[in-house]
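Q: Sharing a structure here in structure tokens format.
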Amino acid sequence: MRLARRGITIVEVIVVVVAIGLVAALALPHLGNRHREQRIAKLHAARGAVQSAAALMHGVALARHNQPQPACAATGFGANPPLLNASGNGNLCTDNSRVQVALLYPAPTLAGIVASAGLVPVAGTPSASQLAVEGFEVRQGAEGLRVQVSGGNDAAQCAFVYRAPQALGEAPAITGLVTSGC
């Protein structure tokens, strides 16, 4: 009895290639959507951290306004011991940094709202490169401080803006999320 040797036919190769193509066509859009959803979730978390930090720092600023403060072991913005003047400007001490304050709220700067929100796990004021490692970009503009999540189609369209209060007694504004570029 002879055993016939048989190789792979061209039809079998085509069937395998088509099957792999179909699986890739179905799977790749879902992977892209997952990354987009992760960027949107990161943006939601950052906005929540900014809102919480603004409220918390405002409460601390109200309590320490025009009061002497003890020296701060943390590094960061401004004088040590921290000081908030009669206009509500200066700095406050947190566990991780000295935070810049304007009108009794965190200032729209790296040393202000970004440091107080803890978007980057560093002591003191985070740098742009430290933010980039965590997937964030921060841009100062006329509208305020734009917090962006990088990695999507357009980081400027995967963002929200923190605006400083315009006068003592007013609250800062935090815009809704823009997610079209995520």
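Q: Please give the number of the condition CYS182 fails out of (1) within 23 Å of HIS58 (Cβ to Cβ); (2) of a type in the set (A, V, I, L, M, F, W, C); (3) surrounded by 19 or more Cβ atoms within 10 Å (Cβ to Cβ).
A: It is condition (1) that CYS182 fails.
Q: Another one. Quick one: GLY88 ticks every box in (1) part of a helix (DSSP H, G or I); (2) touching a residue at least 40 places away in the same chain (Cβ under 8 Å); (3) farther than 20 Å from PRO126 by Cα bar one, so which box is it?
A: Among (1) part of a helix (DSSP H, G or I); (2) touching a residue at least 40 places away in the same chain (Cβ under 8 Å); (3) farther than 20 Å from PRO126 by Cα, GLY88 violates only (1).
Q: Might you let me know whether the stretch 109-126 holds any residue that is within 14 Å of ALA53 (Cβ to Cβ), assigned to a strand (DSSP E or B) and in contact with a Gly (Cβ under 9 Å, 6 or more places away or on another chain)?
A: No, there is no match, as no residue in the stretch 109-126 is within 14 Å of ALA53 (Cβ to Cβ), assigned to a strand (DSSP E or B) and in contact with a Gly (Cβ under 9 Å, 6 or more places away or on another chain).
Q: Which residues, counting only those in the stretch 59-97, are of a type in the set (S, T, N, Q) and closer than 21 Å to ALA167 by Cβ?
A: First pass over the stretch 59-97, keeping only residues of a type in the set (S, T, N, Q): 66-67, 69, 75, 80, 85, 87, 89, 91, 94, 96-97.
Across the stretch 59-97, the qualifying residues are ASN66, ASN85, SER87, ASN89, ASN91.
Q: Here are GLN69, GLN51, GLN38: which of them is within 30 Å of THR179 (Cα to Cα), modelled with pLDDT under 95 and surrounded by 14 or more Cβ atoms within 10 Å (Cβ to Cβ)? Lay out the reasoning, then the answer.
A: On the way: GLN69 fails: within 30 Å of THR179 (Cα to Cα); GLN51 fails: modelled with pLDDT under 95.
GLN38 is the lone residue from the list that is within 30 Å of THR179 (Cα to Cα), modelled with pLDDT under 95 and surrounded by 14 or more Cβ atoms within 10 Å (Cβ to Cβ).
Q: Filter the stretch 73-82 down to the residues that are without any contact (Cβ under 8 Å) to a residue 40 or more places away in the chain and within 26 Å of ILE174 (Cβ to Cβ), then identify the one that is surrounded by the fewest Cβ atoms within 10 Å (Cβ to Cβ). Outline the logic, then answer.
A: Here is the first cut: in the stretch 73-82, the residues without any contact (Cβ under 8 Å) to a residue 40 or more places away in the chain are 73, 78-82.
Now restrict to residues that are within 26 Å of ILE174 (Cβ to Cβ): 78, 82.
Details: GLY78: 19, PRO82: 23.
So the residue we want is GLY78.
Q: In addition: Could you tell me which residue of the stretch 105-151 is nearest to VAL161 (Cα to Cα), considering only residues that are out of contact with any Phe, Trp or Tyr (no Cβ under 7 Å at 6 or more places or on another chain) and of a type in the set (Val, Ile, Thr)?
A: VAL138
Q: While we're on this one: What number goes with the only condition from (1) in contact (Cβ under 8 Å) with a residue 24 or more places away in the chain; (2) small (Gly, Ala, Ser); (3) within 27 Å of THR179 (Cβ to Cβ) that ALA61 does not pass?
A: (3)
Q: Out of the strands (runs of 3 or more DSSP E) lying entirely within the stretch 131-182, which hold 1 or more residues that are of a type in the set (Lys, Arg) and under 12 Å from LEU43 (Cβ atoms)? Please lay out each step first, then the result.
A: Numbers: elements: 136-141, 144-149, 159-163.
Fully inside the stretch 131-182 and qualifying: 144-149.
The values are calculated or read from the model by the stated rules, or taken from the named source; none is laboratory data. Everything numeric here is computed off the predicted structure, so don't read it as measured data. All Cβ positions, glycine included, derive from the backbone under ideal geometry; neighbour counts span all protein chains shown.
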